[in-house]
Every structure is written in C-alpha cells, then in structure tokens.
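Working notes for the structure below.
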Amino acid sequence: MRQVIKFKIKRFDPMGAEGNAPYWQAYNVKLDHGMTVLEALLKIEKNDDPTLSFRRSCRSAICGSCAIMINGTSKLACHTQIAPEFEKHGEMVIGPLDNYQVLKDMIVDFTPFWMKMERVKPYLVPKKEPKGGWVITNEDTKVIDASQKCIMCGSCNGACNSQEIDEGYIGPSASAKAWRFVGDIREGDKRLRLDRISQEHGIWDCVRCVSCTEVCPKDVAPMTAIEKLREEALAEGLDDNPGAKHALALVDSVKRVGRLDEATMTFKTLGFLRSLGMIPFGLKMQMHGKMPHPILFPAIGKLDEVRGIYKARERQRKNERKKKG
Amino acid sequence: MVIHDVIVIGAGLAGMRAAVELAEAGLDVAIVTKVHPIRSHSVAAQGGINAAMNKADSWKDHMYDTAKGSDFLGDQDAIEVLCKEAPENIKELERMGAIFNRDDKGNIAQRAFGGAGYARTCYLADRTGHSMLHIIFEQVIARGICRYNEWHVVEVIVEDGVARGVIAIELLTGKLHRLHAKAVLLATGGYGRVFSASTNALSSTGDGMSLALRAGAPLMDMEFVQFHPTTLKRTGILMTEGARGEGGYLINANGDRFMHKYAPNKLELASRDVVSRAEQEEIDAGFGDDGCVFLDLRHLGEKKISEKLPQIRDLAIKFEGVDPVKDPIPVKPGAHYSMGGIMTDIDGKTPIKGLFAAGESACLSVHGANRLGGNSLLEAVVFGRRVGRGVAKFAKTAKLYPFPEDALKNAAHGIALLMNREVGESASKIVDGVRKAMQKHCGIYRDKKSLEEGLAKVRQLAAKLDEIALVDTGDIFNTEMINVLELGHIVEISEAMLLGALNREESRGSHSRSDFPTRDDENWLKHTLVYLEDGKFRVDYKGVSITRFQPEERKY
Ligand SMILES: Cc1cc2nc3c(=O)[nH]c(=O)nc-3n(C[C@H](O)[C@H](O)[C@H](O)COP(=O)(O)OP(=O)(O)OC[C@H]3O[C@@H](n4cnc5c(N)ncnc54)[C@H](O)[C@@H]3O)c2cc1C
Ligand code: SF4
Ligand code: SF4
Ligand code: FES
C-alpha cells in the first residue's frame, strides 16, 4: 500500500478570509515512488486545493523558480525527494522562503533579490580584446565555474544570517555573481565592482556562517566567492571602508596582542564618533544572538570548531524561535 | 496603458536576443514574460549549440546535415542563414561573456551530436542553455531594457490587419494591462506540454502560437513534433544527446546494443526521429523493460561523467534513483521540441503587419520535419538577432496605430465570465484528457483511425472550455486561472496538430504514419498551414525553398 503523508503548509493570502495573518493547512498526499515535493504540491493543487500558489517551471532544478522552506531549510521543491526527507524529519512542514516578504502562500517578493543582483553590475565589462581574439583555457575559467552554476533560486539569501538582520546586505547570491565577473580574465572593470560591494551592506558584512554554501542546490559555494572577493578587494587596495579596516585591524590585533582586542578594533575600523554609532547595531546583533567576527584569513587552524560554535548557536536560536511561535 | 515602440513577448533566448538588438537600434523595447526571464525554458537546454567553427568543417556541411535532418522539408534559404551566421554568433556570445568548454589549445571544444557529419556542437558541460540564457539576460540588464516580469499575455490585439499591442495579466495583482506598440514580437517557446510525457517545462504550453492563430496568423507544420530518445522513465526529464555524443550507448532489456539494426553507420548518433522509432520498435518487440530501454554510460567512467555530464548524473540520481556511473539509466522517448510554429518569412514577419515571431514558437522553417540537436539554441540566437534587426527597421518608420477602444473591456469580460461561473467543469480533468489523447493518438506512430479518434476526443473536450468554473477567485497569483488560460492554448494547438497529421498522408521526419510508411515527395514536399477563421480551422499548403540540396533518401 502506498504511504500517505501529511503536508503541513503555511498559507498566506492578504486578501483572504483569514486576513493579514499566515495560517497552517494540512493536506494528505499519497506517495508515489520517487515523488518530489514539487510533484506533491502539484497534486494538491490539482486534487485538493487549486488556491494554493507556488512558483514552478522546469521541474528539473535548473530554472530556480521553486525554492521554499522544507522542514526549516531552504530547498528547491523539485529537487527534494519526499521519502528521504520525511524519514529524516518525521514530518513535512512547508512554507515560503525565510528572509523574503511573502506575497501569497509560497510566493515571495524577489524584487530586493534582483535589485541586489543589479547592484553588482551583473554583466561582463570586457577589457580590450587581444589581437586575434581571446584564448581562454579551461584552467582560466575554473575559478569562476562554481559561481557560474548559480540558478538564482534565492535559497541562500533565505538562509543567510546577515541578511536576516540587515535587509540591505548584498547577500550570498549577488556576491557569487560579482565573483563570476571579478574572477573572469576578460573583465575590465573589476575595481568599480569591488568598490561597490566593499561598502556598508557589502561583502564585509558576511558573518561566515556557511549557511549559504550548505543550502545551495547547485554547489555554488557563495561563501567561498565572498572570501575571494575580499582577497581581491584588499589586493586592489580597497581598504578604506569599515569592513576592510576591521579585517586589517584584526590581523594587526592578533599580531600585537595575540588575541582580538575588540574595543580597539571597533575604534580603528570606524573612527571614534562612528564607533559610538555602532552600539545600537551591536545590541541588535546581541538580540539576534550573534556577534559577528568578520574573520578574514582562513589561516585559523580550527575553523571547523568556530563554525561548529556558530552552528550550535544557530540550532539553539531556531529552537527558541520554534518555542516562541 | 503603456506605450513602447516594440513589445517582445517571451524572455527566452530568442526574445531577449531580439530585445538586445532592438535596444541597440535605439528603440524603446519592452519584454513581457510570464515567468522571470531566467526561469524561461531556454535555461534547461543541456547539450550545446552548433556552429562550423573548425577549418575542417564548413557551413555548407552544416547546412547539408540540417537539410537532410529535416527530411528536406526545411527551407534551405533559412537554413543557409542559420549555418552561415552560426560561428559569428558564437563569437559574439563569447564577447558578451559566455564561457564554453575548451580543447587543449584553448579553442572552443565541440562534441558530436546526432545527425551531424562533424563534431560541431559547442557546449558548457551539460548546462549550455543555462549559461547562454544568463548571458543574454545580463545584456538586457546592461541596456536597462524594460521588463514586465510575471505578466501573462492573454491577447494580441490586431485590427484591420495591423498589430496594435497586447493585453496582459499582471500575476501579482490580477490586473489587466494594455501594452500599445508599433510592433509585437512573439517569442513564447514550444508546446511540449500538449503531451503528458514531455521534457519541457511546465510553462511550455505554446501560448504564442495560439495567440497568433487567434489574431489571424497561420501556423505551419504543426504535425511535426520531436520525440527525444532519452528522457527519464518516471518524470520525462531530459538526458542530453550529449551523453551519447560523449560515447554513451543505448541497450535493451537484455543488455544488448540495438542501434546497428536501425542505423548501421551512425548508430546511437543517428537523428532523433530515427533513434526514437528504433527504441519504440525494441520496446514493442518485447525487448524493453517496463516501457523503457537504457542509456548506458558506465564505460565512460566516473571522471568523464563528472566532468562532462555532471548535471545528467545529478538528475539521474535525484529523479530516477540511478547513478549512471554504476547502472544504466532507464529512458524512453518523450515529446521534446516543436518543429512547427507561427509561419514567418526569413525575417520573422508573419502575414499580419507589425506581428513578428522568433525562436521555437516560430516556423521559418529551419528544422523541417525533424530538428537536429544543437540547432534550436542556434536558431534562437541567430534569428533572435536577425528578427530583432528586422523589427527595428520596421518600427523605425512604422506608425503607431490606435489601440482599439473596446479591446480591454472585451478581455476583462472574458476573464470575468470565467471567474464568476458558480458551477462547471474542472480544468484539470480537461487538460488531463487532452494530454492523454495527444499522447495516445498523436505520438511517435500515427494512423488515420487513431488520429480521427484523437481529433474527436480533443474536440469534445474543447467544447467544455466554456463551462469551466474556478475554485480560486482571488486576484493575487491566481495560478488556477493561468492554468485555464494555458489550457485554451493547449486545446487549440492540439487540434491544429491533429489536423496537420491527419491530412499528411506520408511519413517524413518525426511524422510516421503506419498507414503511409514512406516519404512522398511528389505530393507532400510542402508545408502545412493551419488557419483559424470564425472559430473553424482551415488547412492549406505552401511550397518548400530548395536551393542547394535536392531531396534524397535519408540513411544514417
Ligand atoms: C530539456 C531541454 C533541453 C534542450 N537542449 C537543447 C540543446 O542542447 N541544444 C539546442 O540547440 N536546443 C535544446 N533544446 C531546445 C531549446 O532549448 C529551445 O528550443 C529554445 O531554448 C527555445 O527558446 P525560446 O526563446 O524560443 O523559448 P523559451 O526559452 O521557451 O522562452 C519562452 C518565453 O516565453 C514566455 N511566454 C510564454 N507564454 C507567454 C505568455 N502567454 N505571456 C507572456 N510570456 C509568455 C515565457 O515566459 C518565456 O520567457 C532543449 C529543450 C529542452 C526542453
Ligand atoms: S548561490 Fe545557490 S542557493 Fe544561492 S541563488 Fe545561486 S543556486 Fe540558489
Ligand atoms: S556565509 Fe555569509 S553570505 Fe553566506 S549565509 Fe552566512 S552570512 Fe550570509
Ligand atoms: S521548478 Fe525549476 S528549479 Fe524547481
């Protein structure tokens, strides 16, 4: 007999009877062998409830339409098999992507996502072509191969901790796009691009929580792209901004006292008056349960442990949130 | 009402390539698309794009292969443009930022594709379409071209034989908008979703074709549908021909290769119609496994598979539970490409003044009765550019004719009728019925009796369209309503296909009539045209352009 699984779906319709509040609705879905979450949603739409809204198109993990939250993680509905997912979590809880404004059910507003993409000048500004045209090797393009795979599904932004506290943060996806050009040997305008994303809300605001890289369905590894962008930015001498100063101060501090001297660092990074302005931001971070260290160089031996701490904290935070709501 | 010089419907490769050209010409161009541009189905193209780039190859060879592949129904004046302009277009894409795989010397690498005499398919791993669509979208952004994303066009407005613009629904609000222009370019992609098993995206419902049909333009060669030989058993997801191009085999349930029986020279790399029929024959002869044969990549080894076909591996594992490194992949033929489409001349013009078409929704025709793999991305790019330039020339001197007063009111009335019907038929039942009928009666093998049955079924279902009632009557992202609008297109296209297929009493390319198993150049070397006049379909014919290559028997 085929298994029947309950899908708990977070619904929202600003014009609906429930008014402006999200609500939960459950649907039973008879499982077919190999069925994906998208197939289940299509089945629900067809057999149970045509009012359910979600984006879909390619159903083969390449168009980037169908990213949603599945059991608390951003995933592509079409790329997620139900059976193993259910086995792991013991339930199927579905909702719209975190960190986006919900328009209806699983449909979220992607406008900020696209605006961030445009902020990184997302097109090649070619250098002068050498005589006889470009000769490019597979080696040349290897460094940007991962970021080229991005399907702009927005899963990473939905999982990003910096984005959660700062809506204006450039975000992992746009950063990966920026690296796709900065790392292209034909690119002629990398400095301008790097300059733009080195400012406030830019690459230095990443707290290196690895969430983006973890959830990405296409192995784009946006965090790695951000690391490379930071290196490039410093190499270009773009250090006259709080993020880069903070990073340089950190190196300086470790060199000087063998540990982080937080107070001096803030001062160095922002100057005295602006560092006073940092206080509310620091408090905000505290309230969200994290103080970021924009650690620059992966030279730290036990990076895994640091990441472990972040993750543990993240789990704790999620649990807290669950209890609350 | 918004006014632009030109409105492009569709943001796939063809539509956006044309829009770039229009913007370059200094025109005010806007793109209207029902899914965000990079969600367009071009993104799913895997295997690659053809161009004679190598000195040992030539555009004439490419042209010959394409004409032969088309079973000589392709218009050779258009094919010549396609093949001649191919290399230049590839270089242009590269200048825009596209990245292709390279050989050891740093030249663009090329892989073998079906029906080609030379390995001339340029590629980026197995995500060529993704790379190209993103590149063209970047160029659209760079030029600040206006976009109406997630706007679904419901009508192309034509009055007195002149296109005036379109009416579209904004999905976010459910509002109807008028878009007024001197010229309208349809680039809405294919109609794979007319069938129940298809490689196409859920959004590939052939909208533009029936919009054009309703506006008075004819469709051409609709009976020619490409069935791709390697689509996944359960989901119909594509396993690129590039997998065979890289050396993959087809084997039957006994583990034996079988293509030598059907195409002794080209084997697995014969043209798609030939390979799909061979598979079907194996399956029908009892050598299949649950309606499938197998694509065997094991001998390629893990390294090559991961390097050249990583997405194929991921898709096979995620959607079929088979790792091609270890096991053969169960595959079957599935509806893949629409050779037919809106009839245009070599510059994308339809018979309606100011209405143009390009890409998969158009029929020039470069693919005739069967398309070669790697030629449709090429068509989208080459003719996207060419048609874009043609439209620019037209729009620069054209006049802006007034937008009919009552057009919006009429469209709104139609939608309101649908929204307000209290009881009626369920749309999903009708769409299932149509798809099943098409799958059964208009598939790889056809005959008179079956086609007639299919036509009767589709007509019966079509009659119910005016009785559909919606459950969802909301304004915001009403996807049920969109499904119904798409169903309207599916039904009309199905009827046009069945009519074309029923009338064409021969077998040519993808169209195989078991009751007329041979090609008949004397009577059927001509294009089918279908018109919709006062709610009735009319079939007509048109000659084929034959310039360099006389029709000959097609053997692989
Ligand atoms: C899985 C797969 C793999 C393929 N691989 C290859 C390959 O390797 N090589 C090759 O040459 N070809 C390949 N093809 C074929 C090729 O990808 C397509 O023919 C080509 O991309 C079509 O491009 P297009 O611009 O015409 O249409 P599409 O990319 O399909 O775009 C259609 C556009 O029209 C819009 N639209 C549709 N209806 C409406 C409406 N009512 N209102 C508003 N907008 C609308 C959509 O939003 C979309 O933007 C493949 C096809 C498939 C299905
Ligand atoms: S980086 Fe990955 S998760 Fe983020 S948008 Fe791109 S594909 Fe999606
Ligand atoms: S690593 Fe940086 S960009 Fe990625 S999710 Fe964490 S904060 Fe966001
Ligand atoms: S539907 Fe295209 S990525 Fe899921």
Check your understanding: What is the Cα radius of gyration of the stretch A:111-235 over 2.2 N^0.38 Å, N being its residue count?
Key -> 1.03
Study note, to complete from the structure: Percent antiparallel among DSSP beta bridges confined to chain B, nearest 5, equals 65 percent
Revision key, fill the gap. Quick P(r) readout (the protein assembly as shown; Cα-Cα; 10 Å bins; whole %) gives 2, 12, 22, 25, 21, 11, 4, 1, 0, 0
Review point. Amide H of B:E155: which non-local residues (sequence gap of 5 or more, or other chain) have their own amide H closer than 5 Å, using H built in the peptide plane?
Key: B:I167
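Using DSSP, restrict attention to beta bridges with both residues in the protein assembly as shown and report what percent are antiparallel, rounded to the nearest 5. Please list the in-between numbers first.
Values: 67 of 94 bridges.
The antiparallel proportion sits near 70 percent.
Which loop-located trypsin sites (Lys or Arg not before Pro) does the stretch B:415-465 contain, where loop means any DSSP state but H, G, I, E or B and the Cβ has at most 13 other Cβ atoms within 10 Å?
Details: sites: B:R421, B:K429, B:R435, B:K436, B:K440, B:R446, B:K448, B:K449, B:K457, B:R459, B:K464; in loops: B:R421.
Sparse-neighbourhood loop trypsin sites (Lys or Arg not before Pro): none present.
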Practice item. Evaluate the distance, in nm, between pseudo-label points positioned 7 Å from the Cα of B:K175 and of B:D447 along their respective Cα→Cβ axes. Key: 5.7 nm
Exercise for review: Determine the shielding of peptide B:37-44 by partner chains: average, over its residues, the number of Cβ atoms on other chains within 10 angstrom of each Cβ.
Suggested key: 6
Revision key, fill the gap. Ranking B:R554, A:R191, B:R111 from most to least accessible area with a 1.4 Å probe gives A:R191, B:R554, B:R111
Review point. What are the residues whose amide H is under 5 Å from the amide H of B:D515, where those residues sit 5 or more places off or on another chain and H is modelled from the backbone?
Key: B:K448
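Filter the trypsin sites (Lys or Arg not before Pro) in the stretch A:2-54 to those in DSSP coil with at most 10 other Cβ atoms within 10 Å of their Cβ, and list the result. Display every interim value, and only then the final one.
Working: sites: A:R2, A:K6, A:K8, A:K10, A:R11, A:K30, A:K43, A:K46; in loops: A:R2.
When the trypsin sites (Lys or Arg not before Pro) of the stretch A:2-54 are filtered for loop state and at most 10 Cβ neighbours within 10 Å, A:R2 remain.
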Point to revise | Average partner coverage of A:122-128, which counts Cβ from other chains inside 10 Å | key: 5
Revision key, fill the gap. Largest-first ranking of A:M15, A:M152 by accessible area, probe 1.4 Å, whole protein assembly kept, is A:M15, A:M152
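Full extension from B:D284 to B:L465: what is 0.36 nm times the residue separation minus their Cα-Cα distance, to one decimal in nm? Walk me through the numbers before you get to the answer.
Values: separation 181, 0.36 × 181 = 65.16 nm, distance 3.57 nm.
Going from the current span to full extension adds 61.6 nm.
How long are the semi-axes of the ellipsoid equivalent to the stretch B:216-330, from square roots of 5 times the Cα gyration tensor eigenvalues, in whole Å, largest first? Walk me through the numbers on the way to the answer.
Details: eigenvalues 116, 66, 41 Å².
Semi-axis lengths for the stretch B:216-330 are 24, 18, 14 Å.
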Practice item. For B:K393 and B:A412, calculate 0.36 nm times their separation in residues minus their Cα-Cα distance, and state this gained length in nm to one decimal. Key: 3.5 nm
**Study point:** In sequence order, calculated HN-Hα J values of the stretch B:309-316 (Karplus, 6.51, -1.76, 1.60; Hz; x Gly/Pro)
**Key:** 9, x, 5, 4, 4, 4, 5, 5
Review point. In the stretch B:33-62, which residues have a backbone nitrogen under 17 Å from the label point lying 7 Å from A:N138's Cα in the Cα-to-Cβ direction?
Key: B:47-48
Point to revise | 10 Å Cβ neighbours from other chains, averaged over peptide A:139-152 | key: 3
Exercise for review: Sticking with the crude label model, points 7 Å out along Cα→Cβ, report the distance from A:N20 to B:D345 in nm, one decimal please.
Suggested key: 5.8 nm
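A:C216: net charge of surrounding residues, Cβ under 11 Å, Lys/Arg +1, Asp/Glu -1, itself excluded?
Values: positive: A:K75, A:K149, A:K218; negative: A:E214, A:D219.
With Lys, Arg at +1 and Asp, Glu at -1, the neighbours total +1.
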Exercise for review: Filter the cross-link list A:K142/B:K304; A:K190/B:K105; A:K128/B:K55; B:K34/B:K464; A:K75/B:K436 down to pairs whose alpha-carbon distance in this structure exceeds 21 Å.
Suggested key: A:K190/B:K105; A:K128/B:K55; B:K34/B:K464; A:K75/B:K436
Point to revise | Highest-first arrangement of B:208-216, A:62-70, where packing means the average Cβ count within 10 Å | key: A:62-70, B:208-216
Point to revise | Interface residues, the stretch B:414-459 - accessible area loss of 20 Å² or more versus chain alone, probe 1.4 Å | key: B:S428, B:D432
Revision key, fill the gap. Phi angles of the stretch A:200-207, converted by Karplus (6.51 cos²θ - 1.76 cosθ + 1.60, θ = phi - 60°) into ³J(HN,Hα) in whole Hz with x for Gly and Pro, give 3, 6, x, 4, 6, 8, 5, 9
Exercise for review: Whole number please: convex hull volume per residue, Cα atoms of the stretch B:301-429, in Å³.
Suggested key: 209 Å³
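Quick check for you: with a 1.4 Å probe and neighbouring chains kept, what is the accessible area per residue of the stretch B:275-336, in Å²? Write out the running numbers ahead of the final one.
Values: 2470 Å² over 62 residues.
Normalised by residue count, the accessible surface of the stretch B:275-336 is 40 Å².
Could you rank B:M16, B:M419, B:M1, B:M53 by how accessible they are, 1.4 Å probe, largest area first?
Values: B:M16 0, B:M419 35, B:M1 115, B:M53 60 Å².
Highest to lowest solvent-accessible surface, that is B:M1, B:M53, B:M419, B:M16.
Evaluate E = 1/(1 + (r/R0)^6) for B:E88 and B:F537, where r is the Cβ-Cβ distance and R0 equals 41 Å; express this FRET efficiency to the nearest 0.05. Write down the numbers at each step before the final one.
Values: r = 40 Å, r/R0 = 0.98.
With a Förster radius of 41 Å, E is 0.55.
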Exercise for review: Apply the Karplus parameterisation 6.51 cos²θ - 1.76 cosθ + 1.60, with θ equal to phi minus 60°, to every residue of the stretch B:453-470 and state each ³J(HN,Hα) to the nearest whole Hz, in sequence, with x for glycine and proline.
Suggested key: 4, x, 4, 4, 4, 5, 5, 4, 5, 4, 5, 7, 4, 7, 10, 6, 10, 9
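Ignoring the sites themselves, what is the longest stretch of chain B with no GluC sites (Glu not before Pro) in a DSSP loop and at most 11 other beta-carbon atoms within 10 Å?
B:1-404
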Study note, to complete from the structure: Between B:C146 and residues 5 or more places away or on another chain, the pairs with built amide H atoms under 5 Å apart involve B:V29, B:I31
**Study point:** Dipole moment magnitude, nearest 20 debye, the stretch B:228-335 about Cα centre, only Lys, Arg, Asp, Glu C-beta charged
**Key:** 260 debye
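Any chance you could run the full-extension gain for B:R257 through B:K436? It's 0.36 nm times the residue separation minus the Cα-Cα distance, nm to one decimal.
On the way: separation 179, 0.36 × 179 = 64.44 nm, distance 3.08 nm.
Contour length minus the Cα-Cα distance gives 61.4 nm.
The values are calculated or read from the model by the stated rules, or taken from the named source; none is laboratory data. The model shown is predicted, which means the values in this text are computed figures rather than measured ones. Quick reminder, even Gly has a Cβ in these numbers, built from the backbone with ideal geometry, and neighbours come from all protein chains shown. All accessible areas refer to the heavy atoms of the entire protein, side chains included, with ligands and DNA or RNA removed. Shrake-Rupley method; radii C 1.70, N 1.55, O 1.52, S 1.80 Å.
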